[in-house]
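**Student:** Got a structure for you, questions after.
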Amino acid sequence: MYEYDYLIVGAGLYGSVMAHELNKAGKRCIVIEKRDHIAGNIYCEEMEGIHVHKYGAHIFHTSNQKIWDYMQQFAEFNQYINSPIAIYKEELYNLPFNMNTFHKMWGVRTPHEAKKMIQTQIAESGIKDPQNLEEQAISLVGKDIYEKLIKGYTQKQWGRECTELPAFIIKRLPVRFTYDNNYFNDRYQGIPMGGYTTLIQNMLDQIEVRTGVDFFEFKKTNPTIARQTIFTGMLDQYFDYRLGALEYRSVRFETEVLDCENYQGNAVVNYTDIEVPYTRIIEHKHFEYGTQEKTVISREYSSEWKKGMEPYYPVNDEKNMQLYEKYKKLAEQEKDVIFGGRLGSYKYYDMDKVVEAALDQVGKLL
Ligand code: UDP
């Protein structure tokens with residue numbers, strides 16, 4: 001007899017949705033988490049009354065009404081709309097690429113003029129069938145925007161030349177011929193009031209959670225604690241890197257409390273030239289329209305992941321995807337283990353897609 005039906009490894013968004021749903025269906029669940037807190041990378045730490053996104057800024061957005069409605073059970077969401085600013089040397093631009101950006105870049109005022117400018121630059125580049133991120137970017141917005149707003153930022157974030165990166169990364173970003181600075185095209189968007197940690201807390205309300213527990217140690221002493229395991233950690237680590245290590249990007253955050261009420265006037269400011277060593281500065285209070293006397297900012301420095309660091313972004317290039325496919329075959333042979341989430345499925349996932357994947361998986365299990 002097993003003590004639990006499910007051992008869920010990782011109290012991030014994927015694991016917490018799974019735990020919530022399986023528990024609701026009457027399954028006995030236990031969640032273990034390596035860190036000393038729940039909520040994975042959406043964890044918020046309170047500083048000066050501000051919810052600080054400790055492992056990077058997260059903005060919930062989705063076009064899937066079912067997922068949006070699902071999330072409302074756990075938190076009320078505010079009306080935050082992400083409208084980042086990009087700074088290139090002394091110049092300041094609106095993101096995503098829209099008429100405000102084009103006006104600032106070229107002085108054009110109409111969509112027709114902007115399109116003509118971009119078309120000319122695409123024609124000059126001679127790119128017909130984009131094969132990598134650089135070619136994809138130039139095909140979308142022309143050379144000027146690529147050089148000033150994409151090239152340096154992308155190279156810093158991924159530590160690779162844009163010609164060595166897959167095109168899909170840049171397809172995440174909308175290009176618009178309207179004066180609309182909303183970063184996302186999705187129907188629904190917002191930040192959970194009270195912060196993400198409270199949201200996850202609400203999901204895990206009825207569930208036994210043990211933090212500060214390393215799965216690989218735990219399994220040695222508890223080999224038969226549950227009928228099935230849901231593993232949301234790193235897929236390659238689960239198999240002891242036996243086929244080699246998958247590559248990840250890590251991020252180092254330099255977080256500072258400043259004795260000023262408003263430092264940069266926006267939650268997200270990207271620094272797109274290669275000379276500035278960080279990719280962006282987040283001013284956390286602006287996600288929730290904070291009026292505190294002080295402010296908290298985080299500079300983000302991107303780096304190659306090494307053992308002992310936090311893995312943030314899977315590097316979904318060809319080489320890593322081939323290795324991932326091999327690990328996936330091994331994973332399929334582990335009949336009692338389900339792999340999921342950003343690390344378990346080695347996927348550059350948005351939060352809504354994580355929730356969707358978890359709900360799909362629960363559907364298959366029940
Ligand atoms: N990107 C860019 N310039 C910017 C912002 C983004 O070139 O100012 C590119 C970059 O290649 C990045 C990708 O767009 O990796 C996706 O950016 P997003 O903001 O979606 O990344 P995330 O928020 O997931 O870190």
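The values are calculated or read from the model by the stated rules, or taken from the named source; none is laboratory data. If you're wondering where the values come from, they're calculated on a predicted model, not measured in any experiment. Note that each Cβ is placed from the backbone with ideal geometry, even for glycine, and that neighbours are counted across all protein chains shown. In case anyone asks, the SASA skips ligands and DNA or RNA and just uses the protein heavy atoms, side chains included. Shrake-Rupley method; radii C 1.70, N 1.55, O 1.52, S 1.80 Å.
**Student:** Considering only residues of region 139-182 that are small (G, A, S) and within 12 Å of the ligand (Cβ to nearest atom), which is farthest from T279 (Cα to Cα)? Give the derivation first.
**Tutor:** Start the filter on region 139-182 by keeping residues that are small (G, A, S), which leaves 139, 142, 152, 159, 167.
Checking which are within 12 Å of the ligand (Cβ to nearest atom) leaves us with 152, 159, 167.
On the way: G152: 9, G159: 11, A167: 20 Å.
Once the filter is applied, the top-ranked residue is A167.
**Student:** Consider I122 carefully, then state whether it is more than 13 Å from the ligand (Cβ to nearest atom), hydrophobic (A, V, I, L, M, F, W, C) and in contact with a Ser or Thr (Cβ under 8 Å, 6 or more places away or on another chain). I'd like the intermediate steps shown before the answer.
**Tutor:** Numbers: more than 13 Å from the ligand (Cβ to nearest atom): yes; hydrophobic (A, V, I, L, M, F, W, C): yes; in contact with a Ser or Thr (Cβ under 8 Å, 6 or more places away or on another chain): yes.
Yes, satisfied.
**Student:** Quick one: G195 ticks every box in (1) open to solvent by less than 20 Å² (accessible area, probe 1.4 Å); (2) within 16 Å of the ligand (Cβ to nearest atom) except a single one, so which number is it?
**Tutor:** For G195, the exception is condition (2).
**Student:** Tell me whether region 25-38 contains one or more residues that are open to solvent by 10 Å² or more (accessible area, probe 1.4 Å) and either more than 30 Å from Q237 (Cα to Cα) or at pLDDT below 95 (or both).
**Tutor:** Within region 25-38 (the criterion being open to solvent by 10 Å² or more (accessible area, probe 1.4 Å) and either more than 30 Å from Q237 (Cα to Cα) or at pLDDT below 95 (or both)), the answer is yes, since at least one residue qualifies.
**Student:** Continuing with this model, one more query. Answer with yes or no whether H61 is in contact with a Phe, Trp or Tyr (Cβ under 9 Å, 6 or more places away or on another chain) and part of a strand (DSSP E or B).
**Tutor:** Numbers: in contact with a Phe, Trp or Tyr (Cβ under 9 Å, 6 or more places away or on another chain): yes; part of a strand (DSSP E or B): yes.
When the stated conditions are applied, H61 passes them.
**Student:** Give region 108-141 a look and list any residue that's without any contact (Cβ under 8 Å) to a residue 24 or more places away in the chain and under 16 Å from R172 (Cα atoms), or say none.
**Tutor:** Taking region 108-141 as the starting set, the residues that turn out to be without any contact (Cβ under 8 Å) to a residue 24 or more places away in the chain are 108-110, 112-113, 116, 119-129, 138-139.
Once the filter is applied, which keeps residues that are without any contact (Cβ under 8 Å) to a residue 24 or more places away in the chain and under 16 Å from R172 (Cα atoms), region 108-141 yields I138, S139.
**Student:** Being open to solvent by less than 30 Å² (accessible area, probe 1.4 Å) and either farther than 11 Å from L323 by Cα or without any contact (Cβ under 8 Å) to a residue 60 or more places away in the chain (or both) is the filter here; which residues of region 239-250 pass it? Let's see the steps before the verdict.
**Tutor:** Initially, region 239-250 is screened for residues open to solvent by less than 30 Å² (accessible area, probe 1.4 Å), giving 239, 244, 246, 248-250.
Correct list: F239, Y248, R249, S250.
For every residue, the table says whether it meets (1) small (G, A, S); (2) open to solvent by less than 30 Å² (accessible area, probe 1.4 Å); (3) not in a helix (DSSP H, G or I).
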{"site": "A114", "(1), (2), (3)": "yes, yes, no"}
{"site": "I122", "(1), (2), (3)": "no, yes, no"}
{"site": "E135", "(1), (2), (3)": "no, no, no"}
{"site": "I150", "(1), (2), (3)": "no, yes, no"}
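**Student:** Can I ask one more? Would you be able to tell me the number of residues in region 251-274 that are assigned to a loop (DSSP other than H, G, I, E, B), in contact with a Gly (Cβ under 8 Å, 6 or more places away or on another chain) and not β-branched (V, I, T)?
**Tutor:** 1
**Student:** Still on this structure, I have one more. If you take the residues of region 42-51 that are at negative phi and out of contact with any Lys or Arg (no Cβ under 8 Å at 6 or more places or on another chain), which of them is most open to solvent (accessible area, probe 1.4 Å)? Don't jump to the end; show me each part of the working.
**Tutor:** Taking region 42-51 and keeping what is at negative phi, we get 42-47, 50-51.
Still in the running and out of contact with any Lys or Arg (no Cβ under 8 Å at 6 or more places or on another chain): 42, 46-47, 51.
Details: I42: 12, E46: 126, M47: 51, H51: 38 Å².
Ranking the qualifying residues of region 42-51, first place goes to E46.
**Student:** Do we have any residue at all in region 96-107 that's near the ligand (Cβ under 10 Å from one of its atoms), hydrophobic (A, V, I, L, M, F, W, C), touching a residue at least 60 places away in the same chain (Cβ under 8 Å) and under 30 Å from I200 (Cβ atoms)?
**Tutor:** no
**Student:** Have a look at L7, L92, L13 and point out the one that is crowded, with 22+ Cβ neighbours inside 10 Å, touching a Lys or Arg at 6+ places or on another chain (Cβ under 9 Å), aliphatic (A, V, I, L, M) and closer than 30 Å to K294 by Cβ.
**Tutor:** The conditions single out L13.
**Student:** Can you list residue pairs whose Cβ atoms sit under 9 Å apart, with the first residue in region 10-38 being closer than 15 Å to Q73 by Cα and among the β-branched types (V, I, T) and the second being open to solvent by less than 20 Å² (accessible area, probe 1.4 Å) and in a helix (DSSP H, G or I)? Count only pairs 6 or more apart in sequence or on different chains.
**Tutor:** V17/M203; V17/V354; V17/V355; V17/A358; V17/V362
**Student:** Another question about this same structure. Name the residue, out of N202, N185, that is open to solvent by 60 Å² or more (accessible area, probe 1.4 Å) and within 13 Å of the ligand (Cβ to nearest atom).
**Tutor:** Details: N202 fails: within 13 Å of the ligand (Cβ to nearest atom).
So the residue among N202, N185 that is open to solvent by 60 Å² or more (accessible area, probe 1.4 Å) and within 13 Å of the ligand (Cβ to nearest atom) is N185.
**Student:** Could you grab me the full set of residues in region 186-238 that are part of a helix (DSSP H, G or I) and within 19 Å of D350 (Cα to Cα)?
**Tutor:** At the first step, the residues of region 186-238 found to be part of a helix (DSSP H, G or I) are 196-203, 215-221, 235-238.
Listed by number, the residues that qualify are Y196, T197, L199, I200, M203, L235.
**Student:** How do the strands (runs of 3 or more DSSP E) wholly within region 275-366 filter down when requiring 1 or more residues that are hydroxyl-bearing (S, T, Y) and within 15 Å of the ligand (Cβ to nearest atom): which remain? Don't jump to the end; show me each part of the working.
**Tutor:** Values: elements: 280-283, 295-304, 337-339.
Qualifying strands (runs of 3 or more DSSP E): 295-304.
**Student:** Ok, one more. All but one of (1) assigned to a loop (DSSP other than H, G, I, E, B); (2) over 30 Å from M18 (Cβ atoms) hold for S139; which doesn't?
**Tutor:** Failing condition for S139: (1).
**Student:** Mind telling me which of the residues K306, K326 ends up being farther than 24 Å from R35 by Cα, surrounded by fewer than 19 Cβ atoms within 10 Å (Cβ to Cβ) and of a type in the set (K, R)?
**Tutor:** Values: K306 fails: farther than 24 Å from R35 by Cα.
Unique residue meeting the criteria: K326.
**Student:** With the requirement that a residue be more than 16 Å from the ligand (Cβ to nearest atom), polar (S, T, N, Q) and within 20 Å of the chain's Cα centre (by Cα), what does region 73-95 give you?
**Tutor:** Result: N78, Q79.
**Student:** What number of residues in region 71-83 are within 17 Å of T178 (Cα to Cα) and crowded, with 19+ Cβ neighbours inside 10 Å? Reasoning before the result, please.
**Tutor:** Taking region 71-83 first, the residues within 17 Å of T178 (Cα to Cα) are 81-83.
The next check asks that each one be crowded, with 19+ Cβ neighbours inside 10 Å; those that pass are 82.
Of the residues in region 71-83, 1 are within 17 Å of T178 (Cα to Cα) and crowded, with 19+ Cβ neighbours inside 10 Å.
**Student:** Can you find, within region 141-175, the residue that is modelled with the lowest pLDDT among those that are closer than 15 Å to N82 by Cα and not aliphatic (A, V, I, L, M)?
**Tutor:** R172
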